[in-house]
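What follows draws every value from the coordinates through simple rules; no lab data is involved. Predicted, not measured: the structure shown is a model, and the values here were computed from it. Ideal geometry is used to build each Cβ from the backbone, glycine not excepted, and the neighbour counts take in all protein chains shown.
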Amino acid sequence: MKSGVLSYTRDYRLERFVLGTRWEDLPQEVVERGRACFLDLLGALVVGSQSQQFKVGLDMAANVFGVGDVAVLGSSGKLSVIGAAIAMGHASNAFDIDDGHNIIRAHPGTSFIGGLLAAAYHRDVSFREFLTTLVVSYEATIRYGRAVMDYYEYPHSSGTFGAFGTAAGVARLLGLSREALNNALSVADFNAPLVPGIRSVEYPSMNKDGVPFGVMIGMLAIAETLHGFTGNKNLLEGDPYRHYLDDLGENFEILKLYFKPYPCCRWAHPAIDACLWVMDKHGISYKDIDRVRIHTFDRATRLSKAIPKTTDEAQYNIAYPVAAAIVFGDFGLEQVVEENLHNPEVLNMMERVDFCVDPALDAKFPERRICRAEVVLKSGEVLESIECEPRGEPDEDIDLNWIIEKFRRLTKTTLTEQGQKAFVELVQDDGGRSMRQAIDVMNGKEYWKRPQARPDLRDQWL
C-alpha cells in the first residue's frame, strides 16, 4: 500500500454521471453491449442457481436477513432486498463463467448484478432504467478497481470492486441524492473486502472472488447511509486517482470486457484452445495422445493441478480443464459439476499434461494471456499449436449473437428451449415490461428443467 497522506478533491463528477446518465445519452454500441452483458450475467445466474454455493447463500440470506417480497432468480422463495442481493451474489460467480476486465484482473458484472436485480425488483423500475444503471455500475466498478490496484499495489479481486459498484447502482435505482450517493460510496470504499485474488487461485474454495461479500458491503453501505451513518471521501476522490474519471461518459470501459466460453479460470482458456486446435487441425482423438506440454505465463502455472474434489477446485485448476477438454472436445457445465469429476479417462489424461513458464509469453501478461501446446502422440510424432489467446477478448467485438449462442450452450441442461427463448426475448425487449414483471417471467416454473431452490429456514445461530 502506498504510504503518505492522500489529498482529496470532491467535485461530484462520478455522482453526476451515476445519477444523471440517461438511456438517451448512451451510444448505441454501449446499449447493445449492455444487453449482451445482461444476458451473459443471466446465464451465469441460471447455472449458478444449481450450485451448492447458491443453496448455501440462499439459506444464509433467508435466516440472517429475512424473507420478504423480492424475487431471487432461480429460487421459488422471496427474500428481503439485502437478502435477495446476497443470495444472487452467491450464484452469479458460482461457475466462473461471467465477464472480466483484463486490467483489473477481475469480474465486474458478477460483482454487482445481485444488488442491481434486487433493487430493480424492489423499486419495479423499467427495463431501460435497469440497463442504464447496469452500464453506470460497470463504469464505476472498473474505474474504482483501477484506483484500488494502484493504491494497494497488489491484486485484489471482484468482491473488492463490487462493493463500490453495487453501492453506485443501487443508489441510483433507489433515487438517492448526490450527497447520499457520495456518502454511500465512501462507506463502501472504506469497508470493501480486500479480497486476495492470488490466494483464491492457489487455494480454491467457495471464497473465490469474494463476490457475495462485496455485494453485502455495497448493500449495507446504502442501508447505513439511509440510517444516518456517515463516511468521508472515497479513493476516486484522491488526487492521484481522479484521472480515472476524466473520460466518464466518453470512453466506456464496458466495451473493453472479455467474455468466457468455458466455466473455469480465464488463465486456463488459452491452454484448452491450444490443445483443441491441435486435435482439430490433425484429426486426432485423446486416445492418440501420449503426453502434452503447455507453454504459458507464470500466473497460469500457479493454478492447481491436483485432482479436484469440488466444483470450485475444478474451476481454479489448469490440469483438470485441459484434460477434460482433450477427452470431451469441450469444457462445459457438464464437466465441472461435482458428480462428473471422477471420469477415469480425464484423470488419466491429467497425469500426462505438464506446464512450464515461457518467459516471452509471461512478459506479455496481464494485457495478453498467451500459450501454446506441444502434443506428443503415442506414435512419437510431436505436434505444436499456434499461440492461442482466450476467446471472447475485447478486440473480437463480441456482439449479442455471440452471447446468445453461449447462453444456449451453457443453460441447455437447466432451462427448456422455451425458457431460453423467453430470456433472450426479454433482453431484446424495449417495450413497457418492468423489471419486476421480467424477473417473475424468468422465474416461471415452466421454463426450468430442474427444480428451483427454496430457502431453508432453520435459524442456525441467531
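Computed values, structure above
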item	result
For the chain, projected area of the alpha-carbon convex hull averaged over all directions, nm²	21.6
Degrees, to the nearest 10: 52-65 long Cα axis against longest axis of the chain	20
The chain: angle of helix 269-282 to the longest principal axis, Cα-based, in degrees nearest 10	40
Difference of contour (0.36 nm per residue) and Cα-Cα distance, residue 418 to residue 348	21.3 nm
Longest to shortest principal axis, alpha-carbon extents of the stretch 15-84, angstrom	42, 26, 17
Qualifying aspartates and glutamates (Cα of each under 17 Å from Cα of residue 421; at least 8 residues distant if same chain)	40, 405, 429, 430, 440, 446
The stretch 169-250 - Rg and Dmax from Cα coordinates, angstrom	14.8, 42
All lysines inside 26 Å of residue 305 as judged from Cα atoms, apart from same-chain residues fewer than 8 positions distant	208, 260, 287, 364, 378
Unit charges on C-beta of K, R, D, E only; dipole of the stretch 364-460, Debye	660
Cα-centre dipole for the chain with unit charges at Cβ (Lys and Arg positive, Asp and Glu negative), debye to 20	840
Sequence-separation-based contact order of the stretch 266-384, relative, with Cα cut under 8 Å and 6+ spacing, percent	40
Diffusion coefficient, µm² s⁻¹, Stokes-Einstein with Kirkwood Rh over alpha-carbon pairs of the stretch 34-152 at 25 °C and 0.890 mPa s	169
Stokes-Einstein diffusion coefficient of the stretch 107-194, Kirkwood radius over Cα pairs, 37 °C, 0.692 mPa s, in µm²/s	255
Amide H within-cut-off set for residue 448, under 5 Å, with H built and near neighbours excluded	416
Extent along principal axes [Cα atoms of the stretch 13-256; Å; largest to smallest]	43, 41, 39
Calculated from backbone phi, Karplus (6.51, -1.76, 1.60) coupling profile of the stretch 123-135 in Hz, x at Gly/Pro	8, 6, 7, 6, 4, 5, 5, 5, 5, 4, 5, 4, 4
Dipole of the chain [Lys/Arg +1, Asp/Glu -1 at C-beta], most positive-end residue of 219, 64, 270	64
Largest to smallest principal axis extent of the C-alpha atoms in the stretch 290-443, angstrom	61, 36, 27
The chain: angle of helix 81-92 to the longest principal axis, Cα-based, in degrees nearest 10	10
Inter-probe distance in nm under a simple model that places probes 7 Å from Cα toward Cβ, at residue 69 and residue 306	4.8
Extension gain (nm, one decimal) between residue 429 and residue 229, 0.36 nm per residue minus Cα-Cα	68.1 nm
For the stretch 13-256, size of Cβ-based charge dipole, Lys and Arg +1, Asp and Glu -1, in debye	360
